[in-house]
Amino acid sequence: MIYSVDVRIEVPVRDTEVTDRVGDAVENIFPGVELDHEPGQLVGETHELERFSERLHEQAILDTARREFAKRRDDDGFSFALKKQAAFKGVVNFSVGNPDELGDIEVHVTVRDPSVDEVIDYIAPPTEEGRPVDPNDR
């Protein structure tokens, strides 16, 4: 599938953190992201979600991802938050409830093509008994 998305990533950098390490955490999940230093945060943009999708599959958290995407979905895209500590280790861990004291990695996905639902299905396909289901097999 060919998709066209704009992914904006914002992550706070606290005084107690090393900016480059926070950048590494983001790049572990979104390789190739271009990060800019802004006061108190890093802001990045990418158009690639392949590695993120691979992590969701490897960690078998497709249903969790779909729930998180649905919570903050609109006609133009979806958003979600990830824990920084997990990202340091290359692990996707969605932030639910109160933000971490160090702040979360906020991700905003704007979908240009095809549709929001199709992009979500591609990144985190529906599952049956924990296994991805090909919608063409239904």
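Laid out as a table, the results:
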{"item": "Options V11, F30, F69, ranked by Cα towards positive dipole end of the range 1-102, top entry (Cβ charges)", "result": "F69"}
{"item": "Stretchable slack from F88 to E54, in nm (0.36 nm times residue separation minus alpha-carbon distance)", "result": "10.6 nm"}
{"item": "Percent of beta bridges antiparallel (DSSP, the chain, rounded to nearest 5)", "result": "100"}
{"item": "Extension reserve of the T127-H47 stretch, reckoned as 0.36 nm per residue once the Cα distance is removed", "result": "26.3 nm"}
{"item": "Extension reserve of the D113-R8 stretch, reckoned as 0.36 nm per residue once the Cα distance is removed", "result": "36.2 nm"}
{"item": "Fraction of alpha-carbon pairs over 21 Å apart in the chain - percent", "result": "40"}
{"item": "The chain: relative contact order in percent, alpha carbon pairs under 8 Å with at least 6 residues between", "result": "32"}
{"item": "Computed label-point distance, nm, for sites E38 and D15 using a 7 Å Cα→Cβ extension", "result": "2.2"}
{"item": "Electrostatic dipole magnitude of the chain [Cβ: Lys, Arg +1; Asp, Glu -1; Cα centre; debye, to 20]", "result": "420"}
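Readers should treat all values here as calculations from the given coordinates under stated rules, not as data from a laboratory. If you're wondering where the values come from, they're calculated on a predicted model, not measured in any experiment. Heads up, the Cβs are rebuilt from the backbone with ideal geometry, glycines too, and the neighbour counts pull from every protein chain shown.
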